[in-house]
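The values are calculated or read from the model by the stated rules, or taken from the named source; none is laboratory data. Just so you know, these numbers come straight off a predicted model, no measurement behind them. When we count neighbours, we look across all protein chains shown, and the Cβ atoms used for this are built from the backbone with ideal geometry, even at glycine. Calculation scope for accessible area: heavy atoms of the full protein, side chains included, ligands and nucleic acids excluded. Shrake-Rupley method; radii C 1.70, N 1.55, O 1.52, S 1.80 Å.
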Amino acid sequence: MADSHVIECTGLSKQYGSRQALDGLDLHVPKGSIFGFLGRNGAGKTTTIKILLGMVSPTGGSGRVFGLPVDNPASSVDIRRRTGFVSEEKDLYDGMSVAQLIDFTARCYPRWRRDLQEQYVRSFELPLDAGVKTLSRGTRTKLALLLAFCRGAELLVLDEPTSGLDPVVADEVLQQLVGHVAREDTTIFFSSHQLAEIDQIADRIGIVHRGRMMLAGVLDDLRQDFRRVQAVFEHDAPALTSSAPGIVRVRRQGRVLSVTANGNVDAIVAEAHGLGAVAVDVTAMPLKDMFLEIVAGEN
Amino acid sequence: MLWHKAWMDTRWRFLTGGLVLLLSAMGTVFSFQLVAGSALSIGAVPQDGGLVSQAIREAVDLSRTFRGFVWLNAFSQNLTQLGVLFAVLLGSGGLRTEAAGTLYTLSLPFSRGALMSTRAATGLLELVALTMLPPLAIVALAPAVGERYPVVEALVHGMCLFAGTAVFFSLTFWLSTLFSDPWRPGLIAFGVATVIGLCESLLFRSVAWGLFHVTSAESYFRGAGVPWLGLLVAGAASAALLQRAIAAVERQDY
(Lines give C-alpha, C1' and ligand atoms only; values in the text may rest on other atoms or scores of the structure.)
Protein backbone atom coordinates (compact mmCIF):
# COMPACT_ATOMS: atom_id res chain seq x y z
CA MET A 1 0.00 0.00 0.00
CA ALA A 2 1.02 3.55 -0.35
CA ASP A 3 2.10 4.34 3.22
CA SER A 4 -0.18 7.32 3.34
CA HIS A 5 -3.38 5.41 2.59
CA VAL A 6 -5.24 3.33 5.15
CA ILE A 7 -8.02 2.31 2.76
CA GLU A 8 -7.49 1.69 -0.95
CA CYS A 9 -10.19 0.31 -3.22
CA THR A 10 -10.04 0.05 -6.97
CA GLY A 11 -12.98 -0.90 -9.15
CA LEU A 12 -14.80 -2.44 -6.21
CA SER A 13 -18.05 -4.13 -7.25
CA LYS A 14 -20.80 -6.00 -5.49
CA GLN A 15 -23.85 -7.54 -7.04
CA TYR A 16 -26.78 -8.91 -5.02
CA GLY A 17 -28.75 -10.98 -7.51
CA SER A 18 -29.75 -8.53 -10.22
CA ARG A 19 -29.00 -5.45 -8.08
CA GLN A 20 -25.65 -3.77 -8.54
CA ALA A 21 -24.83 -2.35 -5.10
CA LEU A 22 -21.29 -1.25 -6.01
CA ASP A 23 -20.23 -0.56 -9.55
CA GLY A 24 -16.47 -0.10 -9.81
CA LEU A 25 -15.96 2.07 -6.74
CA ASP A 26 -12.57 3.74 -6.29
CA LEU A 27 -11.76 4.88 -2.78
CA HIS A 28 -8.56 6.18 -1.19
CA VAL A 29 -8.51 7.25 2.43
CA PRO A 30 -5.27 8.85 3.64
CA LYS A 31 -3.88 8.07 7.05
CA GLY A 32 -4.93 10.53 9.75
CA SER A 33 -7.86 11.96 7.83
CA ILE A 34 -11.50 12.29 8.77
CA PHE A 35 -13.13 10.99 5.61
CA GLY A 36 -16.82 11.67 5.13
CA PHE A 37 -18.41 9.08 2.86
CA LEU A 38 -21.47 10.76 1.50
CA GLY A 39 -24.35 9.35 -0.45
CA ARG A 40 -28.09 8.89 -0.60
CA ASN A 41 -29.78 5.91 1.04
CA GLY A 42 -28.93 2.83 -1.00
CA ALA A 43 -25.97 4.49 -2.73
CA GLY A 44 -23.57 1.76 -1.57
CA LYS A 45 -22.11 3.22 1.62
CA THR A 46 -22.97 0.35 3.95
CA THR A 47 -22.00 -2.27 1.38
CA THR A 48 -18.59 -0.63 1.02
CA ILE A 49 -18.10 -0.62 4.79
CA LYS A 50 -19.15 -4.25 5.07
CA ILE A 51 -16.69 -5.23 2.35
CA LEU A 52 -13.89 -3.37 4.13
CA LEU A 53 -14.62 -5.34 7.32
CA GLY A 54 -15.02 -8.73 5.65
CA MET A 55 -18.76 -9.03 6.27
CA VAL A 56 -19.55 -9.07 2.56
CA SER A 57 -17.43 -10.47 -0.28
CA PRO A 58 -16.85 -8.23 -3.30
CA THR A 59 -17.79 -9.61 -6.71
CA GLY A 60 -15.13 -7.56 -8.48
CA GLY A 61 -12.24 -5.16 -8.03
CA SER A 62 -9.86 -5.04 -5.12
CA GLY A 63 -9.87 -3.53 -1.66
CA ARG A 64 -7.12 -3.14 0.89
CA VAL A 65 -7.11 -1.86 4.44
CA PHE A 66 -3.69 -1.29 6.06
CA GLY A 67 -2.37 -2.84 2.85
CA LEU A 68 -4.16 -6.12 3.62
CA PRO A 69 -6.65 -7.61 1.14
CA VAL A 70 -10.21 -7.37 2.45
CA ASP A 71 -11.37 -10.57 0.75
CA ASN A 72 -8.82 -12.80 2.49
CA PRO A 73 -10.31 -14.29 5.70
CA ALA A 74 -7.01 -14.29 7.62
CA SER A 75 -6.19 -10.70 6.62
CA SER A 76 -9.72 -9.67 7.47
CA VAL A 77 -9.24 -10.81 11.08
CA ASP A 78 -6.11 -8.66 11.26
CA ILE A 79 -7.97 -5.69 9.75
CA ARG A 80 -10.74 -6.03 12.34
CA ARG A 81 -8.16 -6.28 15.13
CA ARG A 82 -6.91 -2.83 14.14
CA THR A 83 -10.31 -1.27 13.38
CA GLY A 84 -13.15 0.05 15.51
CA PHE A 85 -16.58 -0.24 13.97
CA VAL A 86 -19.96 1.27 14.77
CA SER A 87 -22.85 -0.04 12.68
CA GLU A 88 -25.78 2.05 11.61
CA GLU A 89 -28.16 0.09 13.84
CA LYS A 90 -25.71 0.33 16.76
CA ASP A 91 -25.87 -3.43 16.79
CA LEU A 92 -24.78 -4.60 20.27
CA TYR A 93 -25.48 -7.51 22.59
CA ASP A 94 -28.85 -6.76 24.12
CA GLY A 95 -28.56 -9.63 26.59
CA MET A 96 -25.59 -8.07 28.39
CA SER A 97 -25.25 -5.14 30.77
CA VAL A 98 -23.13 -2.16 29.77
CA ALA A 99 -20.32 -3.31 32.07
CA GLN A 100 -20.47 -6.88 30.74
CA LEU A 101 -20.30 -5.73 27.13
CA ILE A 102 -17.34 -3.44 27.84
CA ASP A 103 -15.57 -6.24 29.69
CA PHE A 104 -16.34 -8.75 26.92
CA THR A 105 -15.03 -6.44 24.20
CA ALA A 106 -11.95 -5.47 26.20
CA ARG A 107 -10.94 -9.14 26.40
CA CYS A 108 -11.12 -9.42 22.61
CA TYR A 109 -8.56 -6.67 22.04
CA PRO A 110 -5.03 -6.93 23.44
CA ARG A 111 -4.49 -3.20 22.94
CA TRP A 112 -7.65 -2.20 24.84
CA ARG A 113 -7.28 1.25 26.40
CA ARG A 114 -8.45 1.12 30.02
CA ASP A 115 -7.58 4.78 30.46
CA LEU A 116 -9.88 5.79 27.58
CA GLN A 117 -12.55 3.42 28.86
CA GLU A 118 -12.68 5.14 32.23
CA GLN A 119 -12.58 8.55 30.60
CA TYR A 120 -15.46 7.84 28.20
CA VAL A 121 -17.58 6.04 30.79
CA ARG A 122 -17.41 9.27 32.79
CA SER A 123 -17.85 11.74 29.94
CA PHE A 124 -20.65 9.75 28.28
CA GLU A 125 -22.28 9.14 31.69
CA LEU A 126 -22.85 5.49 30.86
CA PRO A 127 -24.94 3.48 33.36
CA LEU A 128 -22.68 0.44 33.83
CA ASP A 129 -25.32 -1.76 35.49
CA ALA A 130 -28.05 -1.05 32.97
CA GLY A 131 -28.95 -3.65 30.36
CA VAL A 132 -27.88 -2.72 26.84
CA LYS A 133 -31.44 -3.41 25.73
CA THR A 134 -32.78 -0.66 27.99
CA LEU A 135 -30.49 2.12 26.70
CA SER A 136 -31.85 5.09 24.80
CA ARG A 137 -30.72 5.54 21.21
CA GLY A 138 -28.30 8.28 22.23
CA THR A 139 -26.74 6.32 25.10
CA ARG A 140 -26.52 3.24 22.90
CA THR A 141 -24.59 5.28 20.32
CA LYS A 142 -22.24 6.57 23.01
CA LEU A 143 -21.63 3.02 24.23
CA ALA A 144 -20.95 1.87 20.66
CA LEU A 145 -18.46 4.72 20.26
CA LEU A 146 -16.72 3.85 23.52
CA LEU A 147 -16.39 0.25 22.38
CA ALA A 148 -14.87 1.43 19.09
CA PHE A 149 -12.60 4.11 20.60
CA CYS A 150 -11.05 1.93 23.31
CA ARG A 151 -9.90 -0.88 21.00
CA GLY A 152 -6.68 1.01 20.39
CA ALA A 153 -7.82 1.12 16.78
CA GLU A 154 -5.81 2.77 14.02
CA LEU A 155 -8.98 3.15 11.97
CA LEU A 156 -12.53 3.94 13.04
CA VAL A 157 -15.26 2.94 10.59
CA LEU A 158 -18.57 4.49 11.49
CA ASP A 159 -21.73 3.82 9.52
CA GLU A 160 -24.15 6.71 9.97
CA PRO A 161 -22.95 7.34 13.54
CA THR A 162 -25.53 10.01 14.32
CA SER A 163 -28.57 8.48 12.65
CA GLY A 164 -31.63 8.70 14.85
CA LEU A 165 -30.03 11.06 17.35
CA ASP A 166 -31.45 14.41 18.37
CA PRO A 167 -29.34 17.42 17.31
CA VAL A 168 -27.84 17.95 20.76
CA VAL A 169 -26.63 14.37 21.15
CA ALA A 170 -25.54 14.26 17.49
CA ASP A 171 -23.39 17.35 18.02
CA GLU A 172 -21.95 15.87 21.20
CA VAL A 173 -21.03 12.69 19.33
CA LEU A 174 -19.37 14.66 16.54
CA GLN A 175 -17.37 16.70 19.03
CA GLN A 176 -16.20 13.50 20.71
CA LEU A 177 -15.11 12.16 17.33
CA VAL A 178 -13.08 15.24 16.54
CA GLY A 179 -11.62 15.24 20.05
CA HIS A 180 -10.66 11.58 19.74
CA VAL A 181 -8.83 12.15 16.45
CA ALA A 182 -7.05 15.15 17.94
CA ARG A 183 -5.75 13.07 20.87
CA GLU A 184 -5.13 9.71 19.21
CA ASP A 185 -3.37 8.77 16.00
CA THR A 186 -6.52 7.56 14.30
CA THR A 187 -8.11 7.70 10.87
CA ILE A 188 -11.88 8.05 10.72
CA PHE A 189 -13.97 6.81 7.83
CA PHE A 190 -17.59 7.62 8.40
CA SER A 191 -20.61 7.39 6.18
CA SER A 192 -23.51 9.74 6.33
CA HIS A 193 -26.22 11.38 4.35
CA GLN A 194 -26.23 14.28 6.81
CA LEU A 195 -24.42 16.93 4.80
CA ALA A 196 -24.14 19.36 7.70
CA GLU A 197 -22.22 16.97 9.92
CA ILE A 198 -19.81 16.00 7.16
CA ASP A 199 -19.26 19.70 6.50
CA GLN A 200 -18.67 20.15 10.22
CA ILE A 201 -15.97 17.55 10.87
CA ALA A 202 -14.65 15.93 7.68
CA ASP A 203 -11.42 17.08 6.07
CA ARG A 204 -11.94 14.83 3.04
CA ILE A 205 -15.09 13.63 1.38
CA GLY A 206 -16.18 11.10 -1.15
CA ILE A 207 -19.60 11.25 -2.77
CA VAL A 208 -20.91 7.87 -3.81
CA HIS A 209 -23.91 7.47 -6.07
CA ARG A 210 -25.32 4.26 -7.48
CA GLY A 211 -22.26 2.37 -6.36
CA ARG A 212 -19.72 4.67 -8.00
CA MET A 213 -17.48 7.36 -6.56
CA MET A 214 -18.64 10.58 -8.18
CA LEU A 215 -16.37 13.01 -6.40
CA ALA A 216 -13.57 12.68 -3.88
CA GLY A 217 -10.99 15.01 -2.45
CA VAL A 218 -9.95 17.44 0.23
CA LEU A 219 -13.04 19.31 1.33
CA ASP A 220 -11.33 22.73 1.38
CA ASP A 221 -10.00 22.17 -2.14
CA LEU A 222 -13.42 21.18 -3.36
CA ARG A 223 -14.93 24.25 -1.74
CA GLN A 224 -12.29 26.29 -3.52
CA ASP A 225 -12.76 24.64 -6.91
CA PHE A 226 -16.49 24.10 -7.01
CA ARG A 227 -18.23 27.11 -8.49
CA ARG A 228 -21.52 27.97 -10.05
CA VAL A 229 -21.16 30.18 -13.13
CA GLN A 230 -24.32 31.99 -14.14
CA ALA A 231 -24.29 33.79 -17.46
CA VAL A 232 -27.17 36.07 -18.51
CA PHE A 233 -27.76 36.70 -22.22
CA GLU A 234 -29.84 39.28 -24.05
CA HIS A 235 -31.97 36.62 -25.67
CA ASP A 236 -32.31 32.87 -25.04
CA ALA A 237 -29.11 31.38 -23.64
CA PRO A 238 -27.07 29.51 -26.25
CA ALA A 239 -25.73 25.99 -25.76
CA LEU A 240 -22.28 25.74 -24.20
CA THR A 241 -20.03 24.16 -26.79
CA SER A 242 -17.00 23.77 -24.57
CA SER A 243 -15.85 20.36 -23.45
CA ALA A 244 -13.62 21.97 -20.85
CA PRO A 245 -12.67 19.58 -18.03
CA GLY A 246 -14.43 20.22 -14.76
CA ILE A 247 -17.93 20.88 -16.06
CA VAL A 248 -20.31 18.96 -13.83
CA ARG A 249 -23.65 20.21 -15.05
CA VAL A 250 -25.05 22.70 -17.54
CA ARG A 251 -28.58 24.09 -17.46
CA ARG A 252 -30.31 26.57 -19.74
CA GLN A 253 -33.38 28.38 -18.55
CA GLY A 254 -34.57 31.23 -20.74
CA ARG A 255 -31.85 33.87 -20.83
CA VAL A 256 -29.77 32.21 -18.11
CA LEU A 257 -27.05 29.64 -18.69
CA SER A 258 -26.00 27.99 -15.44
CA VAL A 259 -22.84 25.91 -15.26
CA THR A 260 -21.65 23.94 -12.25
CA ALA A 261 -17.89 23.47 -12.46
CA ASN A 262 -15.23 21.70 -10.48
CA GLY A 263 -12.23 23.86 -11.45
CA ASN A 264 -11.37 25.46 -14.77
CA VAL A 265 -13.77 28.31 -14.01
CA ASP A 266 -11.77 30.97 -15.88
CA ALA A 267 -12.09 29.10 -19.18
CA ILE A 268 -15.84 28.70 -18.68
CA VAL A 269 -16.26 32.40 -17.86
CA ALA A 270 -14.25 33.32 -20.95
CA GLU A 271 -16.41 31.10 -23.13
CA ALA A 272 -19.59 32.62 -21.70
CA HIS A 273 -18.29 36.08 -22.54
CA GLY A 274 -17.36 34.78 -26.00
CA LEU A 275 -20.96 33.62 -26.50
CA GLY A 276 -22.15 37.17 -25.80
CA ALA A 277 -23.19 37.02 -22.16
CA VAL A 278 -24.17 40.41 -20.82
CA ALA A 279 -23.38 39.41 -17.26
CA VAL A 280 -21.40 36.54 -15.75
CA ASP A 281 -21.58 35.76 -12.06
CA VAL A 282 -19.36 33.24 -10.25
CA THR A 283 -20.44 32.00 -6.80
CA ALA A 284 -19.01 29.53 -4.33
CA MET A 285 -21.09 26.44 -3.53
CA PRO A 286 -21.77 24.93 -0.14
CA LEU A 287 -21.33 21.16 0.26
CA LYS A 288 -25.07 20.64 0.09
CA ASP A 289 -25.25 22.23 -3.36
CA MET A 290 -22.22 20.27 -4.57
CA PHE A 291 -23.87 17.06 -3.49
CA LEU A 292 -27.21 17.92 -5.02
CA GLU A 293 -25.62 18.98 -8.31
CA ILE A 294 -23.63 15.75 -8.58
CA VAL A 295 -26.46 13.46 -7.61
CA ALA A 296 -29.07 15.37 -9.63
CA GLY A 297 -26.69 15.53 -12.61
CA GLU A 298 -26.36 11.76 -12.56
CA ASN A 299 -30.07 11.22 -12.23
CA MET B 1 -14.22 -14.87 25.16
CA LEU B 2 -16.09 -16.62 22.39
CA TRP B 3 -16.82 -19.48 24.79
CA HIS B 4 -18.23 -17.02 27.27
CA LYS B 5 -20.44 -15.42 24.61
CA ALA B 6 -21.66 -18.80 23.35
CA TRP B 7 -22.46 -19.80 26.93
CA MET B 8 -24.30 -16.52 27.58
CA ASP B 9 -26.37 -17.08 24.43
CA THR B 10 -27.42 -20.62 25.28
CA ARG B 11 -27.32 -20.86 29.08
CA TRP B 12 -31.08 -20.50 29.67
CA ARG B 13 -31.92 -23.14 27.08
CA PHE B 14 -29.28 -25.40 28.63
CA LEU B 15 -30.37 -24.82 32.23
CA THR B 16 -34.03 -25.28 31.36
CA GLY B 17 -33.20 -28.47 29.48
CA GLY B 18 -31.11 -29.74 32.39
CA LEU B 19 -33.93 -29.12 34.84
CA VAL B 20 -36.60 -30.72 32.65
CA LEU B 21 -34.49 -33.80 31.86
CA LEU B 22 -33.51 -34.27 35.50
CA LEU B 23 -37.13 -33.96 36.60
CA SER B 24 -38.06 -36.51 33.96
CA ALA B 25 -35.39 -38.94 35.21
CA MET B 26 -36.53 -38.41 38.81
CA GLY B 27 -40.14 -38.98 37.77
CA THR B 28 -39.19 -42.28 36.17
CA VAL B 29 -37.35 -43.50 39.29
CA PHE B 30 -40.00 -42.48 41.78
CA SER B 31 -42.93 -43.80 39.73
CA PHE B 32 -41.39 -47.27 39.42
CA GLN B 33 -42.91 -48.84 42.52
CA LEU B 34 -46.37 -47.57 41.69
CA VAL B 35 -46.23 -48.77 38.07
CA ALA B 36 -44.43 -52.03 38.90
CA GLY B 37 -47.11 -52.87 41.46
CA SER B 38 -49.78 -52.33 38.84
CA ALA B 39 -47.87 -54.38 36.27
CA LEU B 40 -47.55 -57.30 38.63
CA SER B 41 -51.28 -57.23 39.32
CA ILE B 42 -52.08 -57.41 35.61
CA GLY B 43 -52.63 -60.94 34.43
CA ALA B 44 -51.47 -62.29 31.12
CA VAL B 45 -52.15 -59.97 28.16
CA PRO B 46 -53.97 -61.82 25.35
CA GLN B 47 -51.60 -62.89 22.58
CA ASP B 48 -53.71 -61.92 19.60
CA GLY B 49 -50.71 -60.92 17.48
CA GLY B 50 -51.81 -57.30 16.94
CA LEU B 51 -49.25 -54.48 17.14
CA VAL B 52 -51.07 -52.74 19.98
CA SER B 53 -51.49 -55.74 22.20
CA GLN B 54 -47.89 -56.74 21.45
CA ALA B 55 -46.74 -53.30 22.61
CA ILE B 56 -48.90 -53.46 25.75
CA ARG B 57 -47.64 -56.93 26.55
CA GLU B 58 -44.03 -55.80 26.18
CA ALA B 59 -44.65 -52.68 28.28
CA VAL B 60 -46.18 -54.72 31.07
CA ASP B 61 -43.34 -57.23 30.94
CA LEU B 62 -40.66 -54.55 30.98
CA SER B 63 -42.34 -52.68 33.81
CA ARG B 64 -41.94 -55.64 36.15
CA THR B 65 -38.19 -54.90 36.58
CA PHE B 66 -36.50 -51.60 37.42
CA ARG B 67 -34.04 -51.95 34.52
CA GLY B 68 -36.83 -52.64 32.04
CA PHE B 69 -39.02 -49.88 33.44
CA VAL B 70 -36.19 -47.31 33.23
CA TRP B 71 -35.37 -48.25 29.66
CA LEU B 72 -39.00 -48.24 28.53
CA ASN B 73 -39.94 -44.94 30.13
CA ALA B 74 -36.71 -42.98 30.24
CA PHE B 75 -34.32 -44.08 27.51
CA SER B 76 -36.74 -45.21 24.83
CA GLN B 77 -39.28 -42.43 25.41
CA ASN B 78 -39.01 -39.42 27.70
CA LEU B 79 -35.27 -38.77 27.65
CA THR B 80 -35.06 -39.43 23.92
CA GLN B 81 -37.93 -37.11 23.08
CA LEU B 82 -36.88 -34.39 25.50
CA GLY B 83 -33.26 -34.82 24.44
CA VAL B 84 -34.21 -34.20 20.80
CA LEU B 85 -36.29 -31.19 21.84
CA PHE B 86 -33.44 -29.52 23.72
CA ALA B 87 -30.85 -30.54 21.15
CA VAL B 88 -32.88 -28.68 18.54
CA LEU B 89 -33.26 -25.68 20.85
CA LEU B 90 -29.52 -25.60 21.56
CA GLY B 91 -28.71 -25.91 17.86
CA SER B 92 -30.91 -23.00 16.82
CA GLY B 93 -29.92 -19.35 16.90
CA GLY B 94 -26.85 -19.22 14.70
CA LEU B 95 -25.09 -16.07 13.52
CA ARG B 96 -27.84 -15.22 11.05
CA THR B 97 -30.64 -15.62 13.53
CA GLU B 98 -29.04 -13.80 16.43
CA ALA B 99 -31.67 -11.38 17.68
CA ALA B 100 -29.11 -8.62 18.10
CA GLY B 101 -25.42 -8.26 17.72
CA THR B 102 -24.66 -10.12 14.48
CA LEU B 103 -22.68 -7.24 12.97
CA TYR B 104 -21.01 -6.60 16.32
CA THR B 105 -19.90 -10.23 16.45
CA LEU B 106 -18.63 -10.09 12.88
CA SER B 107 -16.66 -6.91 13.63
CA LEU B 108 -14.64 -8.71 16.31
CA PRO B 109 -11.18 -10.01 15.42
CA PHE B 110 -12.19 -13.66 15.02
CA SER B 111 -12.62 -15.77 11.92
CA ARG B 112 -16.08 -17.05 11.10
CA GLY B 113 -14.71 -20.58 11.43
CA ALA B 114 -13.66 -19.80 15.00
CA LEU B 115 -17.03 -18.21 15.80
CA MET B 116 -18.99 -21.18 14.47
CA SER B 117 -16.68 -23.85 15.87
CA THR B 118 -16.90 -22.32 19.33
CA ARG B 119 -20.67 -22.17 19.14
CA ALA B 120 -20.87 -25.76 17.95
CA ALA B 121 -18.45 -27.00 20.61
CA THR B 122 -20.29 -25.13 23.37
CA GLY B 123 -23.62 -26.55 22.23
CA LEU B 124 -22.23 -30.08 22.05
CA LEU B 125 -20.67 -29.81 25.51
CA GLU B 126 -23.99 -28.62 26.88
CA LEU B 127 -25.67 -31.53 25.11
CA VAL B 128 -23.19 -33.96 26.70
CA ALA B 129 -24.20 -32.61 30.11
CA LEU B 130 -27.91 -32.78 29.25
CA THR B 131 -27.67 -36.40 28.10
CA MET B 132 -25.24 -37.76 30.71
CA LEU B 133 -26.70 -36.20 33.86
CA PRO B 134 -30.16 -37.85 33.76
CA PRO B 135 -28.79 -41.44 33.49
CA LEU B 136 -26.37 -40.68 36.32
CA ALA B 137 -29.24 -39.19 38.32
CA ILE B 138 -31.08 -42.49 37.86
CA VAL B 139 -28.04 -44.33 39.25
CA ALA B 140 -27.90 -41.95 42.22
CA LEU B 141 -31.65 -42.04 42.95
CA ALA B 142 -32.29 -45.75 42.42
CA PRO B 143 -31.39 -46.70 46.06
CA ALA B 144 -34.12 -44.32 47.24
CA VAL B 145 -36.71 -46.76 45.83
CA GLY B 146 -34.74 -49.84 46.91
CA GLU B 147 -33.22 -50.53 43.50
CA ARG B 148 -29.80 -50.39 41.86
CA TYR B 149 -28.86 -49.23 38.41
CA PRO B 150 -25.36 -49.98 37.04
CA VAL B 151 -23.16 -46.93 36.36
CA VAL B 152 -21.71 -48.48 33.20
CA GLU B 153 -25.17 -49.05 31.79
CA ALA B 154 -26.11 -45.46 32.58
CA LEU B 155 -22.97 -44.21 30.85
CA VAL B 156 -23.65 -46.29 27.73
CA HIS B 157 -27.23 -44.99 27.59
CA GLY B 158 -25.97 -41.45 28.10
CA MET B 159 -23.46 -41.88 25.28
CA CYS B 160 -26.11 -43.25 22.90
CA LEU B 161 -28.54 -40.51 23.89
CA PHE B 162 -25.86 -37.92 23.18
CA ALA B 163 -24.88 -39.40 19.81
CA GLY B 164 -28.49 -39.59 18.62
CA THR B 165 -29.56 -36.14 19.80
CA ALA B 166 -26.32 -34.61 18.48
CA VAL B 167 -27.56 -35.39 14.96
CA PHE B 168 -30.58 -33.15 15.53
CA PHE B 169 -28.42 -30.49 17.17
CA SER B 170 -26.15 -30.50 14.11
CA LEU B 171 -29.08 -30.53 11.70
CA THR B 172 -30.60 -27.46 13.37
CA PHE B 173 -27.18 -25.79 13.56
CA TRP B 174 -26.80 -26.24 9.81
CA LEU B 175 -30.38 -25.17 9.02
CA SER B 176 -29.80 -22.01 11.07
CA THR B 177 -27.21 -20.94 8.51
CA LEU B 178 -29.82 -21.14 5.75
CA PHE B 179 -32.71 -19.23 7.32
CA SER B 180 -32.76 -15.77 8.81
CA ASP B 181 -35.53 -16.48 11.33
CA PRO B 182 -35.12 -18.69 14.39
CA TRP B 183 -38.29 -20.71 13.83
CA ARG B 184 -37.93 -22.56 10.55
CA PRO B 185 -34.71 -24.45 11.44
CA GLY B 186 -36.32 -25.81 14.61
CA LEU B 187 -39.60 -26.70 12.93
CA ILE B 188 -37.86 -28.47 10.06
CA ALA B 189 -35.64 -30.39 12.49
CA PHE B 190 -38.68 -31.47 14.51
CA GLY B 191 -40.37 -32.51 11.28
CA VAL B 192 -37.36 -34.61 10.29
CA ALA B 193 -37.29 -36.19 13.78
CA THR B 194 -40.98 -37.04 13.56
CA VAL B 195 -40.65 -38.63 10.12
CA ILE B 196 -37.61 -40.69 11.17
CA GLY B 197 -39.35 -41.73 14.38
CA LEU B 198 -42.51 -42.82 12.53
CA CYS B 199 -40.54 -44.71 9.88
CA GLU B 200 -38.52 -46.53 12.52
CA SER B 201 -41.47 -47.47 14.69
CA LEU B 202 -43.80 -48.51 11.84
CA LEU B 203 -41.55 -49.75 9.03
CA PHE B 204 -38.08 -50.55 10.31
CA ARG B 205 -38.55 -51.78 13.86
CA SER B 206 -35.70 -54.24 13.70
CA VAL B 207 -33.12 -52.02 11.99
CA ALA B 208 -30.27 -51.88 14.50
CA TRP B 209 -28.67 -48.74 13.09
CA GLY B 210 -31.89 -46.70 13.03
CA LEU B 211 -31.30 -43.31 14.63
CA PHE B 212 -33.83 -43.68 17.45
CA HIS B 213 -32.83 -47.31 17.87
CA VAL B 214 -29.31 -46.06 18.55
CA THR B 215 -30.49 -43.11 20.68
CA SER B 216 -32.45 -45.41 22.99
CA ALA B 217 -29.63 -48.01 22.91
CA GLU B 218 -32.27 -50.70 22.37
CA SER B 219 -29.84 -53.32 21.14
CA TYR B 220 -27.62 -52.71 24.18
CA PHE B 221 -30.61 -53.00 26.49
CA ARG B 222 -31.59 -56.30 24.86
CA GLY B 223 -28.08 -57.66 25.31
CA ALA B 224 -26.66 -57.20 21.83
CA GLY B 225 -23.83 -54.92 22.97
CA VAL B 226 -23.03 -51.29 22.37
CA PRO B 227 -24.31 -50.18 18.92
CA TRP B 228 -20.91 -49.05 17.68
CA LEU B 229 -21.90 -48.95 14.01
CA GLY B 230 -24.93 -46.80 14.76
CA LEU B 231 -22.84 -44.51 16.99
CA LEU B 232 -20.29 -44.18 14.22
CA VAL B 233 -22.94 -43.34 11.61
CA ALA B 234 -24.59 -40.80 13.93
CA GLY B 235 -21.21 -39.22 14.73
CA ALA B 236 -20.30 -39.01 11.05
CA ALA B 237 -23.68 -37.44 10.20
CA SER B 238 -23.24 -34.85 12.96
CA ALA B 239 -19.71 -34.02 11.87
CA ALA B 240 -20.78 -33.64 8.24
CA LEU B 241 -23.66 -31.33 9.15
CA LEU B 242 -21.44 -29.17 11.39
CA GLN B 243 -18.80 -28.98 8.70
CA ARG B 244 -21.43 -27.87 6.18
CA ALA B 245 -22.68 -25.23 8.60
CA ILE B 246 -19.20 -23.77 9.12
CA ALA B 247 -18.48 -23.82 5.37
CA ALA B 248 -21.82 -22.10 4.65
CA VAL B 249 -21.15 -19.29 7.12
CA GLU B 250 -17.68 -18.68 5.74
CA ARG B 251 -19.20 -17.90 2.32
CA GLN B 252 -22.16 -15.83 3.46
CA ASP B 253 -22.75 -12.08 3.16
CA TYR B 254 -24.20 -10.29 6.18
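Values computed for the structure shown
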| quantity | calculated |
| --- | --- |
| For the range A:5-210: Kirkwood Rh in Å [reciprocal of mean 1/r, alpha carbons] | 17.2 |
| Gap separating the Cα centres of the range A:96-125 and the range A:1-72, nearest whole Å | 29 |
| Normalised contact order of chain A, rounded percent, pairs of Cα under 8 Å and 6 or more residues apart | 19 |
| Alpha-carbon centroid distance for the pair the range B:232-254 / the range B:153-199, whole angstrom | 13 |
| Per-residue HN-Hα couplings for the range A:103-117 [Karplus 6.51, -1.76, 1.60; θ = phi - 60°; Hz; x = Gly/Pro] | 5, 4, 5, 4, 6, 7, 10, x, 9, 4, 9, 4, 4, 5, 4 |
| Hydrodynamic radius of chain B per Kirkwood, over alpha carbon pairs, in Å | 19.3 |
| Whole-Å semi-axes of the ellipsoid equivalent to the range A:12-55 (Cα gyration tensor, √5λ, descending) | 20, 12, 9 |
| The range A:214-299: GluC sites (Glu not before Pro) in DSSP coil with no more than 16 other Cβ atoms inside 10 Å | A:GLU234 |
| Distance (nanometres) between label positions extended 7 Å along Cα→Cβ at B:SER180 and B:SER201 | 3.8 |
| Volume in Å³ per residue [convex hull over Cα atoms, computed for the protein assembly as shown] | 188 |
| Cα-derived Rg over Rh, computed across the range A:225-297 with Rh taken as Kirkwood radius | 0.94 |
| Label-point separation, A:ARG122 to B:TYR254 (7 Å along Cα→Cβ), nm | 3.4 |
| Segment A:ASP78-A:ASP203, length gained on full extension (0.36 nm per residue, minus Cα span) | 42.3 nm |
| With all protein chains modelled, accessible area of B:SER63 [1.4 Å, Å²] | 10 |
| Sum of side-chain charges, B:GLN33 neighbourhood, beta-carbon under 15 Å (Lys, Arg +1; Asp, Glu -1) | +2 |
| Sequence-distant residues sharing a close amide H with A:ARG255 (under 5 Å, placed H) | A:ALA237 |
| Angle between chain B longest axis and helix B:51-62 axis [Cα atoms, degrees, rounded to 10] | 80 |
| Largest-first ellipsoid semi-axes for the range B:91-213, taking √(5λ) over the Cα gyration tensor eigenvalues, angstrom | 33, 21, 11 |
| Where a label projected 7 Å from the Cα of A:GLU184 along Cα→Cβ would reach, residues of the range B:100-118 with amide N under 17 Å | B:107-109 |
| Label-point separation in nm, A:ALA196 to A:GLN175, each point 7 Å along Cα→Cβ | 1.6 |
| Computed FRET value (nearest 0.05) for A:VAL232 with B:SER111, which takes r as the C-beta separation and R₀ as 60 Å | 0.40 |
| Where A:HIS235, A:HIS5, B:HIS157 fall by accessible area, highest first, once all protein chains stay in place (1.4 Å) | A:HIS235, A:HIS5, B:HIS157 |
| Filtered trypsin sites (Lys or Arg not before Pro), the range B:163-252: DSSP coil and at most 12 other beta carbons within 10 Å | B:ARG205, B:ARG222 |
| For A:GLY61, distant residues with modelled amide H under 5 Å away | A:SER13 |
| Hz values of 3J(HN,Hα) by residue in the range B:18-26 - Karplus curve (6.51, -1.76, 1.60), Gly and Pro given as x | x, 5, 5, 5, 5, 4, 5, 4, 4 |
| For A:ARG249, residues with placed amide H under 5 Å, excluding near neighbours | A:THR260 |
| Within chain B, helix-based [θ] at 222 nm, where runs of 4 or more DSSP H residues each add -39,500 (n - 2.57), nearest 500 | -24000 deg cm²/dmol |
| Note, ³J(HN,Hα) from phi for the range B:232-238, Karplus 6.51, -1.76, 1.60, rounded to Hz, x at Gly and Pro | 5, 5, 4, x, 5, 5, 4 |
| Lysine pair number, Cα distance threshold 18 Å (strictly under), the protein assembly as shown, separation 8 or more or different chains | 9 |
| FRET E, pair A:HIS273, A:THR10, Förster distance 41 Å, beta-carbon r, rounded to 0.05 | 0.50 |
